[in-house]
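The structure appears below as structure tokens.
The values are calculated or read from the model by the stated rules, or taken from the named source; none is laboratory data. Small disclaimer: the values here were computed from a predicted structure and weren't measured. Neighbour counts are summed over all protein chains in view; Cβ atoms, including those assigned to glycine, are modelled from backbone coordinates with ideal geometry.
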Amino acid sequence: MAQGDTSISICNQALLLLGDESISSFDDGTAGSQACSIVYDMVKNSTLGIFSWSFTVAKVELARSTNTPASEWTYEYILPSDMLTGVPRAVRTSSAANAPLVRSYEINQSTGGLSVLMTNETSIFIDYQKAVPEAQMPPYFVTLMVYQLAWHLAEVITDQTTKSQYWRSIALGSPSENFRGGWLRQAMSMDSSGTPPSVISDYLLTDIR
């Protein structure tokens with residue numbers, strides 16, 4: 001992992017690429033810190049959610065809520081608060097490796113406002129993408145974050161739209177690549193190199209009722 005990386009160190013790498021001064025915090029009074037404080041969390045969450053990064057995947061058994069769903073479902077299970085996308089990658093009835101996928105469920109909100117999974121199953125285990133701290137991000141992902149930040153900060157810092165377009169192409173490639181090129185493609189390749197291939201149908205959003 002990229003030991004020692006923080007939100008500030010990642011922002012400073014992006015600011016360096018744009019020829020700007022480094023910052024000491026998000027509220028140190030500089031233009032760079034103000035811009036970073038506005039865009040950082042958005043860029044981080046969107047970059048984490050752009051791909052099923054192996055270091056974000058977690059497996060957990062869901063706790064059953066004491067509430068009874070006001071619908072056709074029998075049970076509701078509380079979804080993790082650190083979910084990135086709001087949708088599990090896979091839903092099963094046990095933690096066994098070959099456990100069958102659950103096809104009948106619904107993602108909704110409970111009467112108390114919590115995000116829940118509603119189903120008739122008596123136990124639920126999910127695979128999901130979680131938010132991770134900067135210290136747990138591998139170097140190839142930190143590099144992608146730096147390029148993404150450079151793209152989003154460029155016009156504000158340099159007052160040049162061409163700089164923004166340049167760093168977007170470095171991060172994501174061109175429109176002809178559907179913005180799945182650039183360093184993103186390299187990072188996805190490196191991330192996937194140590195991960196067994198998955199069955200795409202396991203995670204189709206159409207499986208959700």
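Annotations for the structure displayed:
- Pick from the range 13-45, criterion without any contact (Cβ under 8 Å) to a residue 60 or more places away in the chain and hydroxyl-bearing (Ser, Thr, Tyr), ranking: surrounded by the fewest Cβ atoms within 10 Å (Cβ to Cβ): Ser24
- Flag for Glu134 being out of contact with any Gly (no Cβ under 7 Å at 6 or more places or on another chain), within 30 Å of Leu15 (Cα to Cα) and without any contact (Cβ under 8 Å) to a residue 12 or more places away in the chain: no
- Scanning the range 77-86 turns up one or more residues that are small (Gly, Ala, Ser) and under 28 Å from Ser189 (Cβ atoms).
- Residue that is closer than 30 Å to Ala14 by Cβ and among the basic types (Lys, Arg), where the choices are Lys163, Lys59: Lys163
- Filtered by the rule that a residue be surrounded by 13 or more Cβ atoms within 10 Å (Cβ to Cβ) and among the hydroxyl-bearing types (Ser, Thr, Tyr), the range 55-72 gives Thr56, Ser65.
- Matching entry among Gln160, Gln129 (being within 15 Å of the chain's Cα centre (by Cα) and of a type in the set (S, T, N, Q)): Gln129
- Out of Ala35, Ala31, Ala63, sole residue that is of a type in the set (Gly, Ala, Ser) and in contact with a strand residue (DSSP E or B) (Cβ under 9 Å, 6 or more places away or on another chain): Ala63
- Any chance Ser193 is surrounded by fewer than 15 Cβ atoms within 10 Å (Cβ to Cβ) and modelled with pLDDT of 95 or more: no
- Residue in the range 66-89 that is modelled with pLDDT of 90 or more, within 30 Å of Gln13 (Cβ to Cβ) and polar (S, T, N, Q) present: yes
- Taking the criterion of being under 16 Å from Asp159 (Cα atoms) and in a loop (DSSP other than H, G, I, E, B), the residues of the range 12-29 that qualify are Leu18, Gly19, Asp20, Glu21.
- Restricting the range 74-108 to residues that are of a type in the set (Val, Ile, Thr) and farther than 22 Å from Gly49 by Cβ, the residue that is surrounded by the most Cβ atoms within 10 Å (Cβ to Cβ): Val102
- Scope the range 119-136; condition touching a Lys or Arg at 6+ places or on another chain (Cβ under 9 Å) and either part of a helix (DSSP H, G or I) or under 25 Å from Gly32 (Cβ atoms) (or both); matching residues: Ala131, Glu134
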